[in-house]
1. If you scan segment A:2-30, which residues turn out to be outside any strand (DSSP E or B) and either on the phi < 0 side of the Ramachandran plot or in contact with a Gly (Cβ under 7 Å, 6 or more places away or on another chain) (or both)?
2. Among the residues of segment A:71-114 satisfying the criterion of being in a strand (DSSP E or B) and among the small types (G, A, S), which is farthest from the other protein chains (Cβ to nearest Cβ)?
3. Return the residues of segment A:83-114 that are in contact with a Ser or Thr (Cβ under 6 Å, 6 or more places away or on another chain) and open to solvent by 20 Å² or more (accessible area, probe 1.4 Å); say none if nothing qualifies.
4. Among the residues of segment A:37-82, which ones are open to solvent by less than 30 Å² (accessible area, probe 1.4 Å) and closer than 27 Å to B:S9 by Cα?
5. Does A:T5 meet the test of being away from chain B (no Cβ under 12 Å) and modelled with pLDDT of 95 or more?
6. Can you pull out the residues in segment B:57-77 that are among the hydrophobic types (A, V, I, L, M, F, W, C) and crowded, with 19+ Cβ neighbours inside 10 Å?
7. When segment A:31-65 is examined, which residues are found to be assigned to a loop (DSSP other than H, G, I, E, B) and either at the interface with another protein chain (Cβ under 8 Å from one of its Cβ atoms) or touching an Asp or Glu at 6+ places or on another chain (Cβ under 9 Å) (or both)?
8. Just checking, how many residues over segment A:12-36 are open to solvent by 10 Å² or more (accessible area, probe 1.4 Å) and closer than 27 Å to B:R107 by Cα?
Amino acid sequence: NAGVTQTPKFRVLKTGQSMTLLCAQDMNHEYMYWYRQDPGMGLRLIHYSVGEGTTAKGEVPDGYNVSRLKKQNFLLGLESAAPSQTSVYFCASSLGTGSGETQYFGPGTRLLVL
Amino acid sequence: LAKTTQPISMDSYEGQEVNITCSHNNIATNDYITWYQQFPSQGPRFIIQGYKTKVTNEVASLFIPADRKSSTLSLPRVSLSDTAVYYCLVGDWDTGFQKLVFGTGTRLLVSP
């Protein structure tokens with residue numbers, strides 16, 4: 001049981017390049033989330049998914065797209081990377097929603113956009 | 001939105017008890033209070049969760065007064081490995097879906 005895994009761990013992009021971050025979970029969780037964390041800041045929600053084939057915008061969705069084609073995978077795409085997207089990206093999953101639920105986080109992907 | 005306020009940083013020494021208080025004046029009736037811990041270069045990790053009174057697990061205790069407008073995370077006998085950022089969160093609903101709102105957290109530094 002690996003929990004939540006993220007690929008890659010670190011990536012350097014040039015402005016305008018595109019890339020996809022992969023999140024995978026093996027806990028059969030229905031809900032998955034993508035966050036970004038800037039230095040010295042808390043996490044901010046980018047997009048989330050409440051089930052296979054469904055996605056929704058979070059607090060800071062601009063510049064990102066997501067897809068949930070399989071229940072265990074949640075992809076985060078950057079179509080045209082900008083320096084402002086330099087951050088650490090965390091994926092999380094949860095069994096359900098609501099105040100009583102907890103989220104399980106992956107180890108993060110560090111992205112540097114030059 | 002239920003927002004939280006907690007100290008930016010705290011310092012302690014090994015073996016001491018650490019209490020981190022979080023204020024959440026606008027907590028909703030159905031909201032739970034959850035604490036996460038984040039080590040450098042890692043994702044947040046669930047520590048403890050409660051609704052009212054006191055909750056204890058193998059890692060920490062959570063004290064919640066009757067009015068639920070605040071809560072206190074208690075870490076007994078901290079060690080160097082407890083140095084981390086601690087986030088206090090309450091449920092944040094948006095059309096029925098959970099969206100945890102992370103503030104800047106409390107940076108705890110434990111010294112020898």
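1. A:A2, A:P8, A:K9, A:K14, A:T15, A:Q17, A:S18, A:D26, A:M27, A:H29, A:E30
2. Going residue by residue through segment A:71-114, those that are in a strand (DSSP E or B) are A:73-78, A:87-94, A:104-105, A:109-113.
Those still in the list that are among the small types (G, A, S) too: A:77, A:87, A:92-94.
Working: A:G77: 20, A:S87: 13, A:A92: 7, A:S93: 11, A:S94: 7 Å.
It comes out as A:G77.
3. Selection gives A:E101, A:Y104, A:L112.
4. Passing the criteria: A:Q37, A:G42, A:L43, A:L45, A:I46.
5. no
6. Just the residues of segment B:57-77 that are among the hydrophobic types (A, V, I, L, M, F, W, C), to begin with: B:59-60, B:62-64, B:66, B:73, B:75.
The answer is B:A60, B:L62, B:I64, B:L73, B:L75.
7. Filtering segment A:31-65 down to residues assigned to a loop (DSSP other than H, G, I, E, B) leaves A:38-42, A:52-53, A:58-64.
Hits for segment A:31-65 are A:G40, A:M41, A:G42, A:E52, A:G58, A:E59, A:G63, A:Y64.
8. Total meeting the criteria: 1.
The values are calculated or read from the model by the stated rules, or taken from the named source; none is laboratory data. Small disclaimer: the values here were computed from a predicted structure and weren't measured. All Cβ positions, even for glycine, are placed from backbone atoms using ideal geometry, and neighbour counts span all protein chains on display. Side chains are part of the model used for accessible areas, which takes the heavy atoms of the whole protein and leaves out ligands, DNA and RNA. Shrake-Rupley method; radii C 1.70, N 1.55, O 1.52, S 1.80 Å.
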